[in-house]
1. Here are the criteria: (1) on the phi < 0 side of the Ramachandran plot; (2) at pLDDT 95 or above. Tell me which single one GLY31 does not satisfy.
2. Need at least 2 residues that are surrounded by fewer than 22 Cβ atoms within 10 Å (Cβ to Cβ) and in contact (Cβ under 8 Å) with a residue 24 or more places away in the chain per element, so show me which strands (runs of 3 or more DSSP E) inside segment 341-416 make the cut, counting only ones lying wholly within it.
3. All but one of (1) crowded, with 20+ Cβ neighbours inside 10 Å; (2) farther than 30 Å from VAL181 by Cα; (3) of a type in the set (D, E, K, R) hold for LYS28; state the number of the condition that does not hold.
4. Return a yes/no flag: does segment 218-226 have any residue that is within 16 Å of the ligand (Cβ to nearest atom) and open to solvent by less than 10 Å² (accessible area, probe 1.4 Å).
5. Output yes when any residue across segment 312-323 is of a type in the set (Val, Ile, Thr) and either within 15 Å of the ligand (Cβ to nearest atom) or closer than 20 Å to GLN44 by Cα (or both), and no when none is.
6. Please enumerate the residues belonging to segment 366-416 that are more than 19 Å from GLU330 (Cα to Cα) and touching a Phe, Trp or Tyr at 6+ places or on another chain (Cβ under 9 Å).
7. Look through segment 175-191, keep the residues that are more than 11 Å from the ligand (Cβ to nearest atom) and of a type in the set (Val, Ile, Thr), and return whichever of them is farthest from the chain's Cα centre (by Cα).
8. So which pairs qualify, if the first residue must be in segment 190-207 and aromatic (Phe, Trp, Tyr), the second must be open to solvent by less than 10 Å² (accessible area, probe 1.4 Å) and modelled with pLDDT under 95, the Cβ gap must be under 7 Å, and the two must be at least 6 apart or on different chains?
Amino acid sequence: MNKVIVNSGLKAFDVEKIRSDFPILHIKVHGKPLCYFDNAATTQKPKVVIDKLVEFYSSMNANIHRGVHYLSVVSTKAYEDSRVKIKKFINASSEKEIIFTKGTTDSINLVAGSFARGKLRDGDEIIITGMEHHSNIVPWQLIANEKNIKLRVVPITDNGEIVFEEFVKMINGKTKLISVVYVSNSLGTVNPVEEIIEAAHNHNIPVFLDGAQAIQHLNVDVRKLDCDFFAFSGHKIYGPTGIGVLYGKEKLLNELPPYQGGGDMISKVTFEETTFNTLPYKFEAGTPNIADAIALGTAIDYISGIGIDAISKHESELLEYATEKISGLEEVKIIGNAKRKSSVLSFVIENIHPHDVGTFLDFEGVAIRTGHHCTQPVMDRFHIPATSRASFALYNTKEEIDVLVSGLKKIIEVFK
Ligand code: C6P
């Protein structure tokens, strides 16, 4: 593949060098070079992240916050160093605002459980949008059913953008939380989160951002955004699975009751009464996912070394290139045409089920996702059962997109 070096005031972006950092990108699938376009589901891991996991279990493994012995001190320091890296990466005010979770889903469930227990009353309302992932619908529904809370849904346009005026109209005295996806995983829409936050804060309503598809593509500065909560998953930002982050403003987190009880989240326990640990430990009950938290720090170092702005620029070029090529196929319809999009290209092909598209492309070595992408209400909104989705990452190239497009042309020909 050709070497693509982009240098326009940003850090030099050498995609071939980046590709050489990811061992899995060099395997063959059905005898063909792998073109991995399922990055919105999970990203591949650079060797430094894989090596960090091996290093942890080979030379650092011990439980944290509990031992005075050498290994415990080393692993505790590495775990807490990772928290500091994440704090800096998203520009939080303090490490106390960075809670390790299992991932975005776990982070949303944490706030749904804790916030609802601490703050919500009968008749209160939560606003979400029509393009949420199931993870930002179901946890609120569970609470809504339990506490008689109303979930209100902002409609979306045919282009896949929220109807902002409708959102503003929905805000009222009963609204207690607004929880929105920053970047839609099935449409690619980048939501106007700055405006959403401003409108919400004019009414003193906190905003939760589902950042699962934002953190790896956009420069996220939680202080500049002024969001109250922000969630992301490690595995979507080149880190391991089973680890994620909940950011919350310190003042708000302090006001919330614990989500789960157990070791490490307590200050003192008697049979009569328990007092809780300070932040962030109040929300990290039990032995956490130590190795993966540390390797997530390594992934953040890796991304920071390349520069998120350079990554963003590269991915925008890929999205633009793929959109142009795929729009040129008359049988293909793109689902999600928002003015501001990020790295996700969803489409349907006349008379061919997305699962057939996915299976056919797989034999060409091309990995895409097909289905409802855990956003069934989005599929309902567009009156389709599923889409095919190609999602791009920092290591993808235009040559790989050419392979995807030629695969699509073949399948269209075959099904004719
Ligand atoms: N979307 C996709 O293929 P977890 O599973 O907890 O890491 O992330 C959940 C989640 C929450 N919000 C958004 C916007 C997401 O895209 C996801 C995960 C994957 O699109 C798997 S369904």
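The values are calculated or read from the model by the stated rules, or taken from the named source; none is laboratory data. Fair warning: this is a prediction, and the values are worked out from it, not measured in the lab. Cβ sites come from the backbone with ideal geometry, for glycine too, and all protein chains shown count toward neighbours. Heads up: the accessible areas ignore ligands, DNA and RNA and are worked out on the full protein's heavy atoms, side chains in. Shrake-Rupley method; radii C 1.70, N 1.55, O 1.52, S 1.80 Å.
1. Every listed condition holds for GLY31 apart from (1).
2. Counting at least 2 such residues, we get 344-349.
3. With respect to (1) crowded, with 20+ Cβ neighbours inside 10 Å; (2) farther than 30 Å from VAL181 by Cα; (3) of a type in the set (D, E, K, R), LYS28 is out only on (1).
4. yes
5. no
6. VAL366, ALA367, ILE368, ARG369, SER391, PHE392, ALA393, LEU394, TYR395, ASN396, LYS398, GLU400
7. The qualifying residue farthest from the chain's Cα centre (by Cα) is THR175.
8. none
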